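In what follows, a single structure is set out as structure tokens and then discussed.
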Amino acid sequence: MSEPLIKVDHLKKYFPVAKTKGKFVKAVDDVTFEVQRGEIIGIVGESGCGKSTMGRCLMKLIDITDGSLYFDGQDITHFTKKEMDAIRSKMQMIFQNPFSSFNPRHTIGKSLMDVARHYGQTKEEAEKKIHELVEEIGLDQVVLRRRPSELSGGQLQRLAIARALVAGPEFILADEAVSALDVSVQAQILNMLIDLRDKYNLTMVFISHELTVVEHISDHVIVMYLGAVVEKGTSEELFYNPMHPYTRALLAAKPKETPDDEVNHELLTGDIPSAMSIPEGCRFCTRCPQCIPGKCDTEVPELRHISGDHYAACHLIKT
């Protein structure tokens, strides 16, 4: 197998708690995974599980507390802002809210042109690239003369994708990129992202709390809970043979796609514990209906190999 484009090795991101010595919010806690070239990895979990912080670490928007981060074989863990600027065109991001993604005073054309010129393209090169991308995302060239307030959320998110592509990236991070859109528009954007991945040989990490979205777009899926990975595998393995109780509970909460679908009643109770005081043992034990007293609440489960690329961190799994 070729070298992965993204490699995350025992990555941690802790935030100190103000006025509390020695207390930290463990937003990302010892996470390891790889993203192969041309692959789409989905990261899923409840709000507060650390997936967006993980994304900000991948993009080097925040400093990492511990562990290592590699991009294209290069250790970028301790890169300075100046060093990151040299490779930033290869790493682009699509944000959640398309309405706040553009300067409201500028036309869309100016916003896209500013990005292209920032990354060293001539005016002629930039104009050609922008017109090609607008056509690629299925919009009329007239949008380039419009301001953000004159466009819909779906149009703006398509343009946000075009803006990410202007720089000619190898890697794109999409953080809740369709959650603010109507369901019908979501499907259009997801299909467009898959087509663009194939055309431009892009590598993506797609962060979302919506399981149906992650299942549709992802080749591999990572499930996070309270800052840690509890299960990971191919989309097919994880959605059709979930092994961790938390993953099964997330799938049980997924809306029925047809009236004939069976209802899974394996629902969670209680709230996620504070990331300042993570439970001993399995961090899911306080909400797990299958918790084994004396084991799950005292021993930290390893991420165990199940089959193929499928792994899960649970004492109930026999290997």
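What follows draws every value from the coordinates through simple rules; no lab data is involved. What you see is a predicted model; the values in this text were computed from it and never measured. Note that each Cβ is placed from the backbone with ideal geometry, even for glycine, and that neighbours are counted across all protein chains shown.
Considering only beta bridges that DSSP places wholly inside the chain, some 60 percent are antiparallel.
Comparing mean-square fluctuations of V142, V230, V300 from a GNM of the chain with C-alpha springs under 10 Å, the top value falls on V142. Local charge for V35 was computed over the other residues whose Cβ lies under 14 Å away, with Lys and Arg +1 and Asp and Glu -1, and equals -3. Calculated mean residue ellipticity at 222 nm for the chain: -8500 deg cm²/dmol, from DSSP H runs with n ≥ 4 weighted as -39500 (n - 2.57), summed, divided by the residue count and rounded to 500.
Separation of segment 82-134 and segment 1-77, taken as the distance between their Cα centroids, equals 25 angstrom.
For K81, a cut-off of 16 angstrom between C-alpha atoms picks up these lysines, skipping any fewer than 8 places away in its own chain: K60, K90. Sorted ascending by nearby beta carbons within 10 Å, beginning with the fewest, M113, M54 become M113, M54.
Partner lysines whose Cα lies under 25 Å from the Cα of K21, excluding those fewer than 8 positions away in the same chain, are identified as K12, K13. For the chain, with equal point scatterers placed on the C-alpha atoms only and solvent neglected, what are the log10 I(q)/I(0) values from the Debye formula at q = 0.13 1/Å, to two decimals? The calculated log intensity ratios at q = 0.13 Å⁻¹ are -1.01. With a cut-off of 12 Å between beta carbons, the residues surrounding D175 carry a summed charge of +1, where Lys and Arg count +1 and Asp and Glu -1.
The ranking of V28, V115, V221, V185 from fewest to most other beta carbons within 10 Å of each one's beta carbon is V185, V115, V221, V28.
By definition, a body whose alpha carbon gyration tensor gives a ≥ b ≥ c is prolate when a/c is 1.5 or more and a/b is larger than b/c, and segment 110-267 fits this prolate description.
Annotation: cysteines of the chain without a disulfide-compatible partner (Cβ-Cβ under 4.7 angstrom) are C49, C57, C314. Here K295 is the anchor, and the aspartates and glutamates within straight C-alpha reach of less than 20 Å, apart from those fewer than 8 places off in the same chain, are E231, E280. Close amide-amide hydrogen proximity is noted between A177 and I207, each under 5 Å apart and 5 or more residues distant or on a separate chain (H modeled in the peptide plane; Pro and chain starts excluded).
Residue pairs exceeding 31 angstrom between C-alpha atoms, taken from K82/K128; K51/K128; K51/K82: K51/K128.
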